[in-house]
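The values are calculated or read from the model by the stated rules, or taken from the named source; none is laboratory data. Bear in mind the structure is a predicted one, so any value in this text is a computation, not a measurement. Here the Cβ is made from the backbone with ideal geometry for all residues, glycine too, and neighbour counts use every protein chain on show.
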Amino acid sequence: MSLVNTFDALIQDDWKLPRDGAFWLIREENNTSNPLLKVTGAKATGFSLDKSGAKPWPFLKALEGVLKVCDGIVVSQIEGRSYVLAIEMKSDNTTKAGKQIYSTWLLTEWLRGLLKLHGHWDGDWRFCGVISSTPRRQESKGTSRHVPSLQVYRDPPKYPLIHLRNQQKLNLIDLDNALEAA
């Protein structure tokens, strides 16, 4: 079974990201200038633990930071490579995004261990953090495809981190190309 199919079987439907055609929609529910990122371009599934009115882990008390989660987690497969992406939406202050992405990395490492232990996934995946910050205010004319420059950072060293600035869409093929070139 593919990683995408494994996560489709693992995640309950009401926690999965909504879709609009070929796009997975990652929304920031708080009042923000960066409310939506559309993700497309590869076989994928997505979910969010940042669900309005629901705690991601209802058995835990709200110790500072422990319940902070990313806005979206996208699991994809591109050219035989499997990815787990933690996507955090920010308007301008991105300082807390690193901890939210690292928390998601810890969660996915735990899930990787459980999936391997119980024989549901014996492959590997690359984890990548994505910080999406404030989209440009100018409306796109829609006449050409702008391929964003995706800068890959290696801090923290456990996984790559991409800061996507002023973009409303993320193409997974572009992300794969940036990661392979880094």
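Scanning the stretch 87-117 for residues that are in a loop (DSSP other than H, G, I, E, B) and surrounded by 15 or more Cβ atoms within 10 Å (Cβ to Cβ) yields S91, T94.
Does at least one position in the stretch 109-123 carry a residue that is of a type outside the set (D, E, K, R), touching a strand residue (DSSP E or B) at 6+ places or on another chain (Cβ under 9 Å) and within 22 Å of D174 (Cα to Cα)? No, because not a single residue in the stretch 109-123 is of a type outside the set (D, E, K, R), touching a strand residue (DSSP E or B) at 6+ places or on another chain (Cβ under 9 Å) and within 22 Å of D174 (Cα to Cα). Applying a threshold of 8 Å to beta carbon distances and a minimum spacing of six or more residues, or different chains, the list of pairs starting in the stretch 39-51 at a residue that is closer than 11 Å to L170 by Cα and ending at one that is in a loop (DSSP other than H, G, I, E, B) reads T40/A22. Regarding V39, is this residue surrounded by fewer than 17 Cβ atoms within 10 Å (Cβ to Cβ) and either part of a loop (DSSP other than H, G, I, E, B) or touching a helix residue (DSSP H, G or I) at 6+ places or on another chain (Cβ under 8 Å) (or both)? Here the answer is no, as V39 does not meet what is asked. If only residues of the stretch 15-36 that are of a type in the set (D, E, K, R) and assigned to a loop (DSSP other than H, G, I, E, B) are counted, the one that is modelled with the lowest pLDDT is E29.
Give the residues of the stretch 159-173 that are of a type outside the set (V, I, T) and closer than 14 Å to V74 by Cα, sorted by residue number. K169, L170, N171, L172, listed by residue number. Scanning for something more than 19 Å from the chain's Cα centre (by Cα) and of a type outside the set (S, T, N, Q), does the stretch 31-53 turn up at least one residue? Taking every residue of the stretch 31-53 in turn, at least one turns out to be more than 19 Å from the chain's Cα centre (by Cα) and of a type outside the set (S, T, N, Q). Is there a residue in the stretch 71-86 that is in a loop (DSSP other than H, G, I, E, B) and surrounded by 10 or more Cβ atoms within 10 Å (Cβ to Cβ)? Checked the stretch 71-86: at least one residue is in a loop (DSSP other than H, G, I, E, B) and surrounded by 10 or more Cβ atoms within 10 Å (Cβ to Cβ).
For C70, the criteria (1) under 11 Å from the mean Cα position of the chain (by Cα); (2) in contact (Cβ under 8 Å) with a residue 60 or more places away in the chain hold in every case but one, which is (2). Per the conditions (1) under 20 Å from K158 (Cα atoms); (2) in a strand (DSSP E or B), the sole criterion not satisfied by G46 is (1). Can you name every residue in the stretch 112-129 that is more than 26 Å from E88 (Cβ to Cβ), of a type outside the set (K, R) and without any contact (Cβ under 8 Å) to a residue 24 or more places away in the chain? Scanning the stretch 112-129 gives L117, H118, G119, D122.
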